[in-house]
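This report refers to the structure that appears directly beneath it.
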Amino acid sequence: MPVDFLKTEIQYLKGIGPKKAEILQKELNIYFVEDLIYYFPYKYIDKTKFYTVNQVDEHSPYIQIKGKISNFRTVGQQRKQRLNATFTDDTGSIELVWFKGIKWVKESIKPNTDYILFGKPSLFNNKINIVHPEVEELSKHDEKLQFSFLALYNTSEKLKKKYINSKAIHNFQQSAFTIIKGFIPETLPDYLIKKLNLISLDQSLFNIHFPQSIDLLKKVRYRLKFEELFYVQLNILKQKILRKEKFKGYVFPKVGNYFNSFYKTNLPFLLTNAQKRVIKEIRNDLGSGKQMNRLLQGDVGSGKTLVALMTILIAIDNNYQACFMSPTEILAIQHFKTLKKMLDGININIDLLTGSTKKSHRQIIHEQLLSGELQILIGTHALIEDVVKFKNLGMVIIDEQHRFGVAQRARLWKKNINPPHILVMTATPIPRTLAMTVYGDLEVSVIDELPPGRKPVKTLHFFDSKRLRVFGFIEKQIQLGRQIYFVYPLIKESEKMDYKDLEDGLESISRAFPSPKYSISVVHGKMKPEEKEKSMQLFIKRQTQIMVATTVIEVGVDVPNASVMIIESAERFGLSQLHQLRGRVGRGAEQSYCILMTSYKLSNDSRKRIETMLQTNDGFEISEVDLKLRGPGDIEGTQQSGIPFDFKIANLSKDIQILQYARNIATDILEQDPSLKKEENKIFIKQLKKLSKDNVNWGYIS
Ligand code: ADP
Ligand code: MG
């Protein structure tokens, strides 16, 4: 048996051939025997259990049942044709239905013959029926290799049309394993398998398709999940070690005049304990001689900006420049103003660079950056451009990480001889498991405490029919001197429709709150930056009481006097977005409110999201629910990470313990043998190479 049998094309397997191979490639990406045996079942039928007709109802799982098939009837015309048949055992009968392959079914199923049927019962026209059951003659079934659990595989419509259903894939697996069983090379070293008491890969792959017992199935699933998570962790941790070896960090040994005079004279309040802790963590990094790559997670309003500023001051005290990058122009302007105000009376040269910076001013910025005169530059993506060159960039702050991709981060690295220190800030807390993978190469700091004196935002849910009541409440709040946000969803693909939502909403709001008594600011994606900014400014200066906006205001905007956030069509927002929006209020000392407006009809998921928002204000708790609802690939911040989320078997929201364990094991191994040179560890290198070849994304992780 040649070792590369795993790389044999599937067309050579018994029962497949070139035609089926082509469809399997197209539909399931299965090219080689290896791809096939890593195409895992999504569930199993307990074949030790046979149901009888009288035990079946629409809530039954996938079942197995024995009986006879008769009474074929073709119903409907042409393309809408379907085939019905009656399935009977000693206890009664149910209906079978086929929409496809009618001719073949009619010709191949014999009367007065015992069959075994697999399928999922459902209710249609008040009758129990099974659509497209898998059918097997009882006598043939008895001849075959028997296992207690039958694996079920996902297929597609196109595959089913060519009769490649779950059963067919199961047969292909049999063909594959008849040949390779016993010859699948191990991917973990012997010592680890013994130490962790794992099942061998050969046994595991066989049993995932042909489980001999529930107990064994559990163990092999564990082995396969462990391996999958382990290699991702090993890869990330190894890259981290490499990076630390490769890049010297600028050493900022001292805290000097800028930092100290800010701390003594300008700091408008006491730091929270969490802020103090994080600043200490950052100072340790900056003194260490290694390049800092730190993620700062903190809920909206937790005071990350201040931490950023103090970090910048340390860089400047050590004669380095700093830049601060925000995802939107509004935010960049706001940060610029906030920082300038906080630095009032301290002689620091700070400037703003965005897409709308005038050419003449841009020129000045470029020159001052090169001469070193400009110490802090705040801005948007405009900062990344190659024309922006620094004399001595030592510190980069990136706000709201999830809007920036890894590639963009990399461009910032190149702006000095060694990469500058990087502090990435995010207000979208990420579950621990995800942080370990998505940001596995970053150190993580957490601000888990809000500044004192904040009252938690009260969250309420109303159906659209209660709009007048909500308007009444808003009127009272405005009389108390508060300001109000109305936010409408914005989905890129249908900007026009969303704009219409906002327009319609604006009309009814303007009717309820007419000028001149009330005035309204509007901000949406179709406006020019300067129009947006003007409208924002009116709201910030309290000249308007109501802000009607799409989600452009989602991130970072700070108007402490705004105390009510009304989220329209809240069912259309993701959890983290809802939480972000809620964070726009509750910044002042007053009681604030977040009102979720929805239509009457809610899907299960949107109901769960609304319930979660009503139950908790804790961003980390919310992110855990979000992860469970959406799966890791859809969580904000993960898409650009380059992490392969299409795990074959592991599930980041469920396998937290295995992940933690795998990470610990990987850490131990790398501590003993950082470059994996030891003989017994060579298999890791081989496997990492193979995985990065199979999965292009892996290359981006660093
Ligand atoms: P975020 O973490 O969302 O970026 P900000 O940095 O914008 O939060 O801070 C939110 C508000 O809290 C700001 O108005 C800021 O001035 C204020 N703030 C920050 N730190 C403290 C503190 N230690 N005590 C009181 N207020 C603070
Ligand atoms: Mg912020």
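What to note about this one:
- Low-density loop positions, chymotrypsin sites (Phe, Trp or Tyr not before Pro), the range 303-409 - DSSP coil, at most 12 other Cβ in 10 Å: none
- One decimal place: the segment residue 468-residue 386 gains 24.2 nm when fully extended, by the rule 0.36 nm per residue minus the C-alpha distance.
- Taking 1.567 mPa s as the viscosity and 4 °C as the temperature, the Stokes-Einstein diffusion coefficient of the range 458-616 based on its alpha-carbon Kirkwood radius rounds to 82 µm²/s.
- Per-selection metrics, the chain (Cα): Rg and Dmax in Å: 30.8, 96
- Cα→Cβ-extended label distance, 7 Å offset, between residue 55 and residue 42, nm: 2.5 nm
- Based on the convex hull around the alpha carbon atoms, the range 177-230 presents an average projected area of 3.7 nm².
- Debye, to nearest 20: dipole size of the chain, +1 on Lys, Arg Cβ, -1 on Asp, Glu Cβ: 580 debye
- The Cα trace of the range 257-447 gives Rg and Dmax of 15.6, 48 Å, the first to one decimal, the second as a whole number.
- Separation of the range 312-380 and the range 83-102, taken as the distance between their Cα centroids, equals 73 angstrom.
- Fully extending the segment from residue 138 to residue 360 would add 71.5 nm, taking 0.36 nm per residue of separation and subtracting the current Cα-Cα distance.
- Annotation for residue 263 and residue 127: the two label points, set 7 Å from Cα along the Cα-Cβ direction, are 8.1 nm apart.
- Cross-link pairs beyond the 29 Å C-alpha cut-off, checked among 120/648; 43/140; 238/389; 340/534; 160/690; 391/534: 238/389; 160/690; 391/534
- Taking every protein chain into account, the accessible area of the chain amounts to 48 square angstrom per residue (probe 1.4 Å).
- Loop-located chymotrypsin sites (Phe, Trp or Tyr not before Pro) in the range 178-227 whose Cβ has at most 15 other Cβ within 10 Å (DSSP): 183
- Accessible surface for residue 283 stands near 120 Å², nearest 10, in the context of the full protein assembly shown (1.4 Å probe).
- Working from Cα pairs under 8 Å separated by at least six residues, relative contact order for the range 32-110 is 22 percent.
- Contact order normalised by residue count of the range 458-616, Cα under 8 Å, 6+ apart, percent: 32 percent
- Contact order for the chain, expressed relative to its length and based on alpha carbon pairs under 8 Å spaced 6+ residues apart, stands at 12 percent.
- Computed [θ] at 222 nm, deg cm²/dmol, the chain (DSSP H ≥ 4; -39,500 (n - 2.57); rounded to nearest 500): -12500 deg cm²/dmol
- Put the Cα centre of the range 1-53 next to the Cα centre of the range 221-299 and the gap is 46 Å.
- Global size of the range 48-146 as Cα Rg and Dmax, reported in angstrom: 13.2, 41
- Residue separation of residue 163 and residue 270 scaled by 0.36 nm, minus their Cα-Cα distance, works out to 31.5 nm of gained length.
The values are calculated or read from the model by the stated rules, or taken from the named source; none is laboratory data. From a predicted model like this one, the values you see are computed outputs, not experimental measurements. Cβ: placed from backbone, ideal geometry, glycine included. Neighbour counts: every protein chain shown. Accessible surface is based on the protein model in full, side chains and every heavy atom, while ligands, DNA and RNA are left aside. Shrake-Rupley method; radii C 1.70, N 1.55, O 1.52, S 1.80 Å.
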